[in-house]
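Have a look at the structure below before the remarks.
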Amino acid sequence: MESRKCLECFEQLRGRSDQKFCSDQCRSAYNNKQFLESHTVINSINRILKKNYIILSTLNSTGKITTSKNELTQKGYRFDYFTYTNTTRTNKINFYCYDQGFRELENNKITLVKNSPNAPH
């Protein structure tokens, strides 16, 4: 008969043939590690999105202003992280972080925009 070991502590298992853990503590520890490993990437992306959102919403208190790309970069904005895009009637692309967004203009300028929650994307 083959030797079965706990997936967490590698102790010899005794009991049911489909048993994977020697105790509830090992089962819980193993599952917590699996959860943390799979959610590390998601959590780091969510932190970046939250920071981007705070930067945009702080700068854009009126709903639509123009600023520079350098100002956003200096504040730590990450242009490669956003939640969605939309294209305007004039074929300009808006990049959104939730309801706060921006549109790139010429000469390193950026227009900050706010999308109302009921507006179509």
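Things worth noting here:
- Residues within the stretch 52-63 that are closer than 13 Å to Lys114 by Cβ and either part of a helix (DSSP H, G or I) or among the basic types (Lys, Arg) (or both), tallied: 5
- Any hit, the stretch 34-55, residues being among the aromatic types (Phe, Trp, Tyr), within 30 Å of Glu11 (Cα to Cα) and either modelled with pLDDT under 95 or in contact with a Phe, Trp or Tyr (Cβ under 6 Å, 6 or more places away or on another chain) (or both): yes
- Scope the stretch 64-95; condition in a loop (DSSP other than H, G, I, E, B) and surrounded by 11 or more Cβ atoms within 10 Å (Cβ to Cβ); matching residues: Lys75, Gly76, Tyr77, Arg78, Phe79, Tyr81, Phe82, Thr83, Lys92
- Close pairs from the stretch 46-66: first over 13 Å from Asp99 (Cβ atoms), partner assigned to a helix (DSSP H, G or I) and at pLDDT 90 or above, Cβ under 9 Å, at least 6 apart: Ile55/Leu72; Leu59/Glu71; Leu59/Leu72; Ile65/Leu59
- Within the option set Arg14, Arg4, being free of Cβ contacts under 8 Å to residues at least 40 places away in the same chain, among the charged types (D, E, K, R) and in contact with a strand residue (DSSP E or B) (Cβ under 9 Å, 6 or more places away or on another chain) holds for one residue only, Arg4.
- In the stretch 1-52, residue surrounded by the fewest Cβ atoms within 10 Å (Cβ to Cβ) [restricted to those that are over 30 Å from Tyr77 (Cα atoms) and of a type in the set (Phe, Trp, Tyr)]: Phe10
- Among the residues listed as Phe95, Phe35, the single one being free of Cβ contacts under 8 Å to residues at least 12 places away in the same chain, of a type in the set (Phe, Trp, Tyr) and out of contact with any helix residue (DSSP H, G or I) (no Cβ under 9 Å at 6 or more places or on another chain): Phe35
- Note on the stretch 61-112: residues that are within 20 Å of Ile48 (Cα to Cα) and among the basic types (Lys, Arg) amount to 4.
The values are calculated or read from the model by the stated rules, or taken from the named source; none is laboratory data. Keep in mind the model is a prediction, meaning the values are calculated, not measured. FYI the Cβ positions are ideal-geometry reconstructions off the backbone, even for glycines, and counts take in every protein chain you see.
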